[in-house]
Amino acid sequence: TVLHRSAAMPVTRACALVGVPRSSYYRLSRGYTHYRPVQDPVPQARRRQPAALSGAERAAIVEVLSAADHADLSVVQTYWRVFDAGTVACSQ
């Protein structure tokens, strides 16, 4: 793709010279208006997963995994043994 036929400069080079990502150039040149930047975005590290386990649920899982009868089993083996016993603390 050539930015301008008269300049004969590829979009890749023009974007590199200006310091604009090529994807941003294409988005702006095609009039993409569906995306609206968020004023104060929440950083990824501080976002909360709605399906995340609570502290009490995590403690219950750690207690099951660290039980003496599950000491020599993997996490998956422990999960299925506890599942077969009828006490499921979380999904796999």
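Please treat every number below as a calculation from the coordinates, not as lab data. Everything numeric here is computed off the predicted structure, so don't read it as measured data. Because the Cβ atoms are built from the backbone with ideal geometry, glycine has one as well, and the counts that use them run over all protein chains shown.
Observations on the structure shown:
- Each of 67, 29, 55 was scored by the projection of its Cα onto the charge dipole of the chain, and the greatest displacement toward the positive side belongs to 29; charges sit on the C-beta of Lys, Arg, Asp and Glu.
- FRET E, pair residue 88, residue 48, Förster distance 41 Å, beta-carbon r, rounded to 0.05: 0.95
- Under the Karplus curve 6.51 cos²θ - 1.76 cosθ + 1.60, θ = phi - 60°, whole-Hz ³J(HN,Hα) for region 30-41, x wherever Gly or Pro sits: 9, x, 5, 10, 6, 8, 10, x, 7, 5, 10, x
- The mean sequence separation of alpha-carbon pairs under 8 Å and at least six residues apart, normalised by the residue count of the chain, gives a relative contact order of 13 percent.
- Charge sum, other residues only, whose C-beta stays under 14 Å from residue 81's C-beta, Lys/Arg counted +1 and Asp/Glu -1: -3
- Label selected from (i) 29, 21, 12; (ii) 20, 18, 12; (iii) 55, 17, 12, the criterion being semi-axes √(5λ) of the Cα gyration tensor in Å as computed here: (iii)
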